[in-house]
Amino acid sequence: MSFVKLDQKKKSVDLTEMSISNSIVFAYFDSISSEEREGAFLRALYIGVLALKEDRLSSFLSKTSNELGAQLESLKMIFDLKQELFFKTAVKGLIAEGEIAEFLSDYAKDRKLNDRVELVGGSAGSLHRNKTGDIVCFVGGDKDKKIVVECKFDKSLRLGPIDKRDVYARRSDTVWSQLIEAQANRQASMGIIVFDRELIDATLASEVENVKLISGVGIVAIIDSRKGDYTNLGIAYALARDLISAGREGSVDVEVFNLIVRRIAKDVSDVMEIKELVEDNISNNRKILERMNKNMLSLEHTSEFLSRYVREGTLSKTELLEFYQGQGLFEKLKSLAAGTEPSLS
């Protein structure tokens with residue numbers, strides 16, 4: 001009897017009792033907490049379904065006989081599928097929450113902070129049947145000092161300041177409402193709302209730039225998931241943490257705060273640009289060195305045959321073929337690149 005049933009009216013897939021005996025699957029779910037397993041299962045199911053619909057994967061694997069090539073293509077496909085899943089479907093929220101929680105956990109560990117990070121988006125909070133507030137961070141492990149993080153990868157959201165809010169209009173989510181609601185729902189002292197640079201309203205992006213403090217409401221941070229750049233979230237979290245530790249959540253000069261943040265963001269941006277320039281220079285120098293090595297080896301090879309020709313007055317057809325084909329040059333270049341051949345002088 002099948003454990004997979006379809007409900008045509010609800011357009012849903014119902015899974016009855018099932019058991020999976022697979023060491024890889026077990027090891028993965030055993031490595032994460034019980035609170036994370038439901039979200040991880042959904043992500044795995046969505047990615048798997050999308051992979052099955054991709055003809056390129058099965059086509060490539062059926063044609064290639066190179067095991068390494070198959071593995072590399074599989075990894076590339078997984079990355080492509082993840083990107084497609086993230087930026088084109090509703091699953092992006094689930095994936096984003098997990099990656100942001102992981103970043104915050106690593107951030108705390110790297111700085112030796114005793115903060116605890118919990119994914120709570122799947123459970124209701126203090127407000128009735130309300131799940132707003134995806135991640136809760138306990139500053140110093142203190143249950144009374146909480147930062148709630150709401151992940152909102154949605155182009156429809158606007159800032160929604162109170163002086164522009166029509167209380168008689170149809171209710172819709174805004175940055176202000178989500179920050180306030182998340183803190184109320186998770187009983188937090190500070191709130192951060194996170195947007196992705198590719199999934200944010202253009203006007204809101206220009207208003208925020210990188211990190212923005214809204215006094216008495218919370219902090220807005222824009223990250224770049226595609227590039228794996230969570231710098232602005234790190235800035236927002238550090239500032240939120242300092243404000244809580246100093247007991248100044250609601251008493252901050254916003255203009256001064258945003259001025260300092262803009263300078264920090266600029267300095268970080270400059271550092272990242274310099275890092276890219278250094279990496280480009282390293283890459284270019286490697287290419288230059290490779291070209292020099294090729295020409296030096298070729299000169300050495302040619303000189304050897306020239307000496308032989310001057311010494312003996314002739315070259316056999318076999319020797320001429322060796323000269324023409326550059327016999328052994330490729331192997332010498334590989335050895336040189338691997339550091340097993342003496343450097344050229």
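Once you list every other residue whose beta carbon is under 14 Å from the beta carbon of N295, what net charge do they have if Lys and Arg are +1 and Asp and Glu are -1? Before the final figure, lay out the partial values.
Values: positive: K287, R291, K294, K332; negative: E290, E300.
Result for the local shell: +2.
Taking all protein chains into account, the per residue accessible area for the range 107-231 stands at 52 Å² (1.4 Å probe).
For T203, T132, give me the order by solvent-accessible area with a 1.4 Å probe, most accessible first, ignoring ligands, DNA and RNA.
Values: T203 80, T132 20 Å².
Sorted by accessible area, descending: T203, T132.
Quick check on the range 186-330: of the DSSP beta bridges with both residues there, what percent are antiparallel, nearest 5%? Could the numbers behind the result be given before it?
Numbers: 6 of 11 bridges.
About 55 percent, rounded to the nearest 5.
Over the range 155-306, with a single point scatterer placed on each C-alpha, what log10 of the ratio I(q)/I(0) does the Debye formula yield at q = 0.11 1/Å? So the normalised log intensities are -0.55. Placing unit charges on the Cβ atoms of the charged side chains and taking the dipole of the range 112-171 about its Cα centre, the candidate lying farthest along the positive direction among I135, L119, Y168 is Y168.
Taking 23 Å as the cut-off for C-alpha to C-alpha distance, list the pairs among K109/K143; K109/K212; K287/K334; K109/K145 that go past it. K109/K212, as the Cα separations exceed 23 Å there. Within the accessible area of the range 105-249, the carbon and sulfur atoms contribute 45%, probe 1.4 Å, all protein chains present.
The values are calculated or read from the model by the stated rules, or taken from the named source; none is laboratory data. Computed from a prediction, not measured in an experiment: that's the story for all the values here. Backbone-built Cβ (ideal geometry, glycine too); neighbour counts: all protein chains shown. Note: areas computed on protein heavy atoms with side chains; ligands, DNA, RNA excluded. Shrake-Rupley method; radii C 1.70, N 1.55, O 1.52, S 1.80 Å.
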